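In what follows, a single structure is set out as structure tokens and then discussed.
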Amino acid sequence: MGRRAIILILDSLGVGYMEDAKDYHPQDVGANTFSHILDKVPSLHIPTLEKLGINKILQHPNLTNKNNIASYGICHLMHQGADSFEGHNEIMGTKPKRAYLAPFIENIGEVKLALEEEGYKVEIPRPELPYLLVNDLVIVADNIETDFGQIYNVSAPLDYISFQEVLKIGQCVRNHVKVNRVIALGGENVTPEHLRNSVERREDGLVGVNSPKSNVYKQGYQVRHLGYGISPKKQLPTLAVKAGLQVSLVGKMQDVIYCEGANKFPGVDTDQVMQDVLSEMDHVQQGLIAATVQETDLAGHAQNPIRYANRIEVVEKYLPTLLEKMHEDDLLIMSADHGNDPTIGHNQHTREKTYLLAYHKQFIPVNLGERNTLSDIAATAAEYLGVKNIENGTSFLPYMTNSN
């Protein structure tokens with residue numbers, strides 16, 4: 001049995017606002033997702049997280065400071081804002097690049113020309129509602145479900161065009177714009193006419209497909225997020241596959257991290273995600289198991305601390321079994337990707353530092369301090385697995401091994 005790294009991310013479980021929030025995200029000053037959930041739900045029962053050492057980080061009066069069995073610390077976000085996609089790619093070793101904010105209308109001409117040069121038929125069928133229609137089927141426009149000018153969607157009716165072809169169109173768009181993300185997506189049982197009739201103008205002027213109204217999510221939904229300046233080839237999962245190791249991506253992790261050759265286990269339900277992690281611990285002999293619990297983040301968006309606490313308790317329920325299943329050569333790293341404080345007064349992500357717990361049966365626990373980037377997680381797992389050439393991050397493995 002070889003070495004295994006298990007990375008478990010509880011989406012949005014931040015532990016205090018970043019210092020730079022004062023300048024860039026004043027609405028997030030005062031945010032502390034984990035502590036505020038403990039304030040609101042004093043009955044939150046997390047003995048295994050306490051045993052690992054969570055209260056070495058939180059210092060919360062509702063928790064007892066038991067002897068910690070894991071090394072502990074805090075990670076700062078290197079990406080701008082507080083974004084799940086960018087946060088996860090940073091966790092996997094990408095150095096965040098500064099993207100540009102621009103409504104699609106600012107890039108529509110250049111993208112139209114680029115697609116035409118690749119042989120596509122491209123029209124702007126309704127100049128008063130400007131979007132691109134590619135080959136009479138695919139709509140390129142703003143994403144109207146997110147922040148202004150951050151994301152463009154490439155939406156398609158998959159009964160009429162393959163998702164591979166949609167991805168090609170998405171890649172062409174990606175190559176000619178510098179916004180944070182281009183999302184290629186589509187669904188079955190959607191007519192091209194219905195897709196076109198779902199285009200709307202938002203109050204702030206953005207024009208795009210109303211995705212829920214378009215029915216793309218209902219049947220045969222496929223999606224790929226194409227990030228700005230993100231190269232999977234320099235990320236932990238792809239490098240691990242190239243090194244001949246097994247890689248399993250579970251839950252939201254497989255939505256936002258692209259890795260050819262990984263085993264993928266989609267799932268939103270927290271019980272399902274944790275069960276898949278335990279199941280993969282029975283199957284992966286040597287390599288990486290990386291999972292994300294998404295329902296914590298959904299509870300944050302719903303501004304529901306009771307639901308959030310309940311999802312943490314579901315994870316807690318599985319942690320004793322996870323620790324029991326760990327081999328002598330397993331390294332467990334737990335963290336988050338940003339914050340989403342359900343008590344802060346708005347329903348968006350909060351720019352927060354994340355907790356860091358790293359457990360190995362052979363290592364004496366140490367204080368890992370404040371890390372500059374989430375990429376230190378990937379750098380550490382990479383060093384542990386003997387994987388080289390990760391783009392970003394500094395391994396904290398030497399701190400854990402030197403104390404032994």
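The values are calculated or read from the model by the stated rules, or taken from the named source; none is laboratory data. Keep in mind that what you see is a predicted model, and the values were worked out from it rather than measured. When we count neighbours, we look across all protein chains shown, and the Cβ atoms used for this are built from the backbone with ideal geometry, even at glycine.
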Across the stretch 330-377, the tally of residues that are aromatic (Phe, Trp, Tyr) and more than 16 Å from the chain's Cα centre (by Cα) stands at 2
Residue tally, condition acidic (Asp, Glu) and under 15 Å from Lys112 (Cβ atoms), over the stretch 169-194 | 0
Residues that are farther than 25 Å from His60 by Cα and surrounded by fewer than 20 Cβ atoms within 10 Å (Cβ to Cβ), drawn from the stretch 346-382 = Lys361, Gln362, Phe363
Restricting attention to the stretch 230-247, the residues that are in contact with a Gly (Cβ under 7 Å, 6 or more places away or on another chain), of a type in the set (A, V, I, L, M, F, W, C) and part of a helix (DSSP H, G or I) number exactly 3
Is it true that some residue in the stretch 35-47 is touching a strand residue (DSSP E or B) at 6+ places or on another chain (Cβ under 9 Å) and within 28 Å of Val268 (Cα to Cα)?
-> yes
Scanning the stretch 1-14 residue by residue, those farther than 14 Å from Ile344 by Cβ and not in a loop (DSSP other than H, G, I, E, B) turn out to be Arg4, Ala5, Ile6, Ile7, Leu8, Ile9, Leu10
Selection from the stretch 201-229 of residues that are among the β-branched types (Val, Ile, Thr), in a strand (DSSP E or B) and over 23 Å from His79 (Cβ atoms) = Val207, Val209
How about the stretch 296-343: which of its residues are modelled with pLDDT under 95 and not in a helix (DSSP H, G or I)?
-> Ala302
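Within the bounds of the stretch 344-363, is there any residue that is assigned by TED's automatic domain parsing to the domain that holds Lys51, without any contact (Cβ under 8 Å) to a residue 24 or more places away in the chain and not polar (S, T, N, Q)?
no
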Within the stretch 292-332, which residues are surrounded by 21 or more Cβ atoms within 10 Å (Cβ to Cβ), in contact (Cβ under 8 Å) with a residue 60 or more places away in the chain, of a type in the set (A, V, I, L, M, F, W, C) and touching a Phe, Trp or Tyr at 6+ places or on another chain (Cβ under 8 Å)?
-> Leu331, Leu332
When the residues of the stretch 147-179 are filtered to those that are touching a helix residue (DSSP H, G or I) at 6+ places or on another chain (Cβ under 7 Å) and in a loop (DSSP other than H, G, I, E, B), which remaining residue is farthest from Glu128 (Cα to Cα)?
-> Tyr160
Working only within the stretch 76-129, note down all residues that are modelled with pLDDT of 95 or more, within 28 Å of Ile6 (Cβ to Cβ) and assigned to a helix (DSSP H, G or I).
-> Gly87, His88, Asn89, Glu90, Ile91
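Residues are listed down the side, and each one gets a yes or a no for (1) assigned by TED's automatic domain parsing to the domain that holds Lys22; (2) touching a residue at least 40 places away in the same chain (Cβ under 8 Å); (3) surrounded by 13 or more Cβ atoms within 10 Å (Cβ to Cβ):
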site	(1), (2), (3)
Asp83	yes, yes, yes
Gly87	yes, yes, yes
Ile91	yes, yes, yes
Val111	no, yes, yes
Glu116	no, no, no
Lys121	no, no, no
Ile124	no, no, yes
Pro127	no, no, no
Within the stretch 28-59, which residues are surrounded by fewer than 18 Cβ atoms within 10 Å (Cβ to Cβ) and closer than 23 Å to Gly345 by Cα?
-> Val29, Gly30, Asp39, Lys40, Pro42, Ser43
